Amino acid sequence: REIDLIEEVARIHGYDRIPEDVAVPIGVASPRPKDLALDEARRALSAYGIDEAMTASVVDQRLDQTGSLWTSGDALATDTSMLEGARFLRRAIVPSLLVARYNNQTQSIPNAQLYEVANVYLPTDKSSALPSEQCTLGIVVGDDLRLLKGAVEELLEHVVGRRTPLDWQPCSHDMFAAGSGQQVSCGGEQIGFTGLLHPRLQQSFSLNQPVAVAELNVDAFVAQLQPVRQAAAVSAFPAITRDLNFIVDESVRWSQLSDCCQQDGGPHLQRVAYQETYRDAQKDGPGKKRLLLTLHFQSLERTLTGDEVDQSVQQIVASCEQAFQAQLLS
């Protein structure tokens, strides 16, 4: 009877008419834009010596109270703990990475530099709505904020291309030490935040050294991914550099000075490189600082002359003096 039933099913569905010698086509699925972007991000962070970590998405009340850079709303919680003592869906990744850094510290690894890619769960305005799941990249490194900012810039340039401008603006948050918080935008869209961890939180997590932290919205920079890289022409002619040291008001930001140089530097100005900031109230007066920068000039068609570069430099100096009352040190 069982054999008869199998034959009846085959007859009804036409199983007996399916050919046995036909090849089944198999195609390779194209990688998702998100996978391409994260591959580039991982390569950039690995080059900076930052290792990938994996932590739990449910946290205890202490980690949740560290706060979130993305929302001020209360975290969603489960009725019963999913892990021992942990019942809150995390709104930030940095607190979990701070715990991971402390755990490395107890194992005689004092400067573990870590990152993690995972979802954070942001509450919505409506109490009945499900949380917004945002794919987020969190980074924790030593107290070198320049290294962290450089890593973030390199990461974003690998993903969105070097021609897409990045905009850095100051911001304040309880997670950051005073005056260290920055918000980065790319193509006019907010991407994330960087800053030095507040000393209060450093003490709370029992960290021996200050740390710099960052969180980036992966979904935001994936939307600006350039999957096909565009090559740029490389000049066969030598570059000419000029160093400028300006005295400016404390309120003048590097990005403002750099933009002014780029705007008035002429077609042969390829790059404005930051060197250092120096403060000496006795020499320069209160509320003043020195910004040292290097201008890189180069042409694709020919070798530039010293007079051409000097003329561009004079235009840059005049523009900075007019815009920021900058004083050039000889």
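The values are calculated or read from the model by the stated rules, or taken from the named source; none is laboratory data. On a predicted model such as this, the values are computed, not experimentally measured, just so you know. Cβ atoms come from the backbone with ideal geometry, glycine included; neighbour counts cover every protein chain shown. SASA here: full protein model, heavy atoms, side chains in, ligands and nucleic acids out. Shrake-Rupley method; radii C 1.70, N 1.55, O 1.52, S 1.80 Å.
Being over 19 Å from Val184 (Cα atoms), within 23 Å of the chain's Cα centre (by Cα) and among the charged types (D, E, K, R) is the filter here, so list the residues in region 237-280 that pass it.
The answer is Arg271, Glu276.
Listed here are the residues, each with its yes/no results for (1) touching a strand residue (DSSP E or B) at 6+ places or on another chain (Cβ under 9 Å); (2) open to solvent by 70 Å² or more (accessible area, probe 1.4 Å).
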| site | (1), (2) |
| --- | --- |
| Ala92 | yes, no |
| Ser96 | yes, no |
| Asn103 | no, yes |
| Tyr115 | yes, no |
| Glu133 | yes, yes |
| Leu137 | yes, no |
| Leu148 | yes, no |
| Ala151 | yes, no |
| Val160 | yes, no |
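Evaluate the following for Ile26: is it modelled with pLDDT under 90 and either surrounded by 11 or more Cβ atoms within 10 Å (Cβ to Cβ) or assigned to a helix (DSSP H, G or I) (or both)?
no
For region 225-256, which residues satisfy the criterion of being open to solvent by less than 40 Å² (accessible area, probe 1.4 Å) and modelled with pLDDT under 90?
Matches in region 225-256: Leu225, Ser255.
In region 293-312, what count of residues is obtained for those that are within 17 Å of Gln262 (Cβ to Cβ), of a type outside the set (Gly, Ala, Ser) and under 32 Å from the mean Cα position of the chain (by Cα)?
Residues that pass the stated criteria total 6.
Going through region 182-214 one residue at a time, which ones are crowded, with 21+ Cβ neighbours inside 10 Å and more than 13 Å from the chain's Cα centre (by Cα)?
Leu196, Leu197, His198, Val211
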